[in-house]
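Visitor: Got a structure here, written out as structure tokens. Questions coming.
The values are calculated or read from the model by the stated rules, or taken from the named source; none is laboratory data. Only a predicted model underlies this, so the values are computations on that prediction, with no experimental measurement involved. Neighbour counts are summed over all protein chains in view; Cβ atoms, including those assigned to glycine, are modelled from backbone coordinates with ideal geometry. Note: areas computed on protein heavy atoms with side chains; ligands, DNA, RNA excluded. Shrake-Rupley method; radii C 1.70, N 1.55, O 1.52, S 1.80 Å.
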Amino acid sequence: MLQETRNKVYIYGIQAMFVVILCGAQGLTTDNMKVIITSVARFTVYFLLINTLNRAITMALSRYQNGKTIKVKIFIECKLYIMMLAASTSMLLYNRERVFDENFIPLSIAYLVIKYPEINQNLEVINYGVGMACSFFEGYLVHVIPNDGHNFFGLENNILVYEGTHTVVFPVKKLLIVVTKSLFCPPDLKHFNKINKDLPYLDDCSPLSKVTKHVAGVRDRVYKNSPYKIIRSGARPVYVIAECATPLHTLKRVLDKTAVYKELANVDKQELSDDFCEMLESIIERSPEYRGKCELVFFDDEDPTQNLADVLLDKIRELEPNFEDIINKS
């Protein structure tokens, strides 16, 4: 990324030198200087108007297609272009020059002609959130969810074995991945319990049977999932497999150290989290072995009125409306 930035500076500098040489060859005088400055301001308005409109439409369309709200932030991100546009326009008006002349329409048409070949070019850029989702899926979920046909018979079978060994029942035999708004991921989900014990709260249990695999040169690498039981006043506990998304935990650590990771200092953490969740849900939906075996649970840990145990119960109720009957029959 740093090298790419340097290259852009070098290219910009070379182009600027080329323009200076041309200006010198033309022979600038005080007579034509005003005409040149006025023309530069006018063409700056043209180019900035076209580029700002293109950028704003691109960002707005992307958010609309992803089901996201079109925010004022889109225009804030274009603020440098807008400020330059305002300055150039003000300069023209101050000198009582026309902002738009007969060159604007041909220039706009020329821009569209130049941009047309790019329509069919594949310029897709994978962002950080999408990359995290792919890494999480291929680096973790593939080891703890499906049957590998050899030593591990899948998450659902692992839960069934646990139920038989510990005489408990999981009404939802899925992995629930907790996505916190702040990206904070504590070592133990009990961290999110409320002081008020009249509310449902989480208690930990012994882990599921560990999954041992040889991965990327590491022999006998261990993977395991943690069950929790949700303690409820006047009702039987509810058992669930839940954990936080480790890539988001890593992302928070990175964003907390912007002095080290300067390249990510200005990223929108919520947008990265949204991209991660959207991509992960898409991958799971496209993968038959994983579909219906893993669910995202969104938890606003910045809202003091929210209780993770209640949020998990709501998710369980959504996935299995008759979960109370399943528990009481056990």
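Visitor: Note down all Cβ pairs under 9 Å where the first residue falls in region 133-158 and is closer than 15 Å to CYS294 by Cβ, the second is among the acidic types (Asp, Glu) and crowded, with 18+ Cβ neighbours inside 10 Å, and they're at least six residues apart or on different chains.
Guide: Every condition considered, the pairs that remain are ALA133/ASP275.
Visitor: If you don't mind, another one. I'd like the full set of residues that are of a type in the set (D, E, K, R) and modelled with pLDDT of 90 or more, limited to region 182-203. Lay out the reasoning, then the answer.
Guide: To start, the set of residues in region 182-203 that are of a type in the set (D, E, K, R) comprises 188, 190, 194, 197-198, 203.
Once the filter is applied, which keeps residues that are of a type in the set (D, E, K, R) and modelled with pLDDT of 90 or more, region 182-203 yields ASP188, LYS190, LYS194, ASP203.
Visitor: For the structure I just gave you, tell me whether SER182 is in a loop (DSSP other than H, G, I, E, B), open to solvent by 50 Å² or more (accessible area, probe 1.4 Å), among the small types (Gly, Ala, Ser) and in contact with a helix residue (DSSP H, G or I) (Cβ under 8 Å, 6 or more places away or on another chain).
Guide: Working: in a loop (DSSP other than H, G, I, E, B): yes; open to solvent by 50 Å² or more (accessible area, probe 1.4 Å): no; among the small types (Gly, Ala, Ser): yes; in contact with a helix residue (DSSP H, G or I) (Cβ under 8 Å, 6 or more places away or on another chain): yes.
No.
Visitor: Suppose we filter ALA309, ALA265 for residues that are modelled with pLDDT of 90 or more and small (Gly, Ala, Ser); which single one remains?
Guide: Values: ALA265 fails: modelled with pLDDT of 90 or more.
It is ALA309.
Visitor: Identify all residues within region 144-162 that are at pLDDT below 90, under 16 Å from ALA242 (Cα atoms) and touching a Phe, Trp or Tyr at 6+ places or on another chain (Cβ under 9 Å); write none if there are none.
Guide: Answer for region 144-162, where residues must be at pLDDT below 90, under 16 Å from ALA242 (Cα atoms) and touching a Phe, Trp or Tyr at 6+ places or on another chain (Cβ under 9 Å): VAL144, ILE145.
Visitor: Can you pull out the residues in region 237-263 that are farther than 18 Å from CYS134 by Cβ and of a type in the set (A, V, I, L, M)?
Guide: Correct list: VAL238, VAL240, ILE241, ALA242, LEU255, ALA259, VAL260.
Visitor: Restricting to region 204-223, count the residues that are surrounded by 12 or more Cβ atoms within 10 Å (Cβ to Cβ), assigned to a loop (DSSP other than H, G, I, E, B), among the hydrophobic types (A, V, I, L, M, F, W, C) and at pLDDT below 90.
Guide: Of the residues in that region, 1 qualify.
Visitor: Now for a separate question. How many residues does region 164-179 hold that are surrounded by 15 or more Cβ atoms within 10 Å (Cβ to Cβ), outside any loop (DSSP other than H, G, I, E, B) and in contact with a Ser or Thr (Cβ under 9 Å, 6 or more places away or on another chain)? Before the answer, list the steps.
Guide: Step one: list which residues in region 164-179 are surrounded by 15 or more Cβ atoms within 10 Å (Cβ to Cβ), which gives 168-179.
Add one more test, that the residue is outside any loop (DSSP other than H, G, I, E, B), and what stays is 175-179.
Narrowing further to those that are in contact with a Ser or Thr (Cβ under 9 Å, 6 or more places away or on another chain): 179.
Counting residues in region 164-179 that are surrounded by 15 or more Cβ atoms within 10 Å (Cβ to Cβ), outside any loop (DSSP other than H, G, I, E, B) and in contact with a Ser or Thr (Cβ under 9 Å, 6 or more places away or on another chain) gives 1.
Visitor: Here is a follow-up. Show me the strands (runs of 3 or more DSSP E) found entirely inside region 224-330 where at least 2 residues are surrounded by fewer than 19 Cβ atoms within 10 Å (Cβ to Cβ) and within 23 Å of the chain's Cα centre (by Cα).
Guide: 294-299
Visitor: Would you check which residues across region 193-203 are touching a residue at least 40 places away in the same chain (Cβ under 8 Å) and either part of a loop (DSSP other than H, G, I, E, B) or open to solvent by less than 20 Å² (accessible area, probe 1.4 Å) (or both) and list them?
Guide: Result: ASN193, LYS194, LEU199, PRO200, LEU202.
Visitor: Quick one: in region 42-101, which of the residues that are in contact with a Ser or Thr (Cβ under 8 Å, 6 or more places away or on another chain) and open to solvent by 80 Å² or more (accessible area, probe 1.4 Å) is modelled with the lowest pLDDT?
Guide: TYR81
Visitor: Here is a list: LEU22, LEU2. Which entry is at pLDDT below 75, out of contact with any Phe, Trp or Tyr (no Cβ under 6 Å at 6 or more places or on another chain) and within 23 Å of SER88 (Cα to Cα)?
Guide: From the options LEU22, LEU2, the qualifying one is LEU22.
Visitor: Can I ask one more? So, VAL144, is that one loosely packed, with under 13 Cβ neighbours inside 10 Å and either under 28 Å from the mean Cα position of the chain (by Cα) or of a type in the set (A, V, I, L, M, F, W, C) (or both) or not?
Guide: So VAL144 does not fit the description; no.
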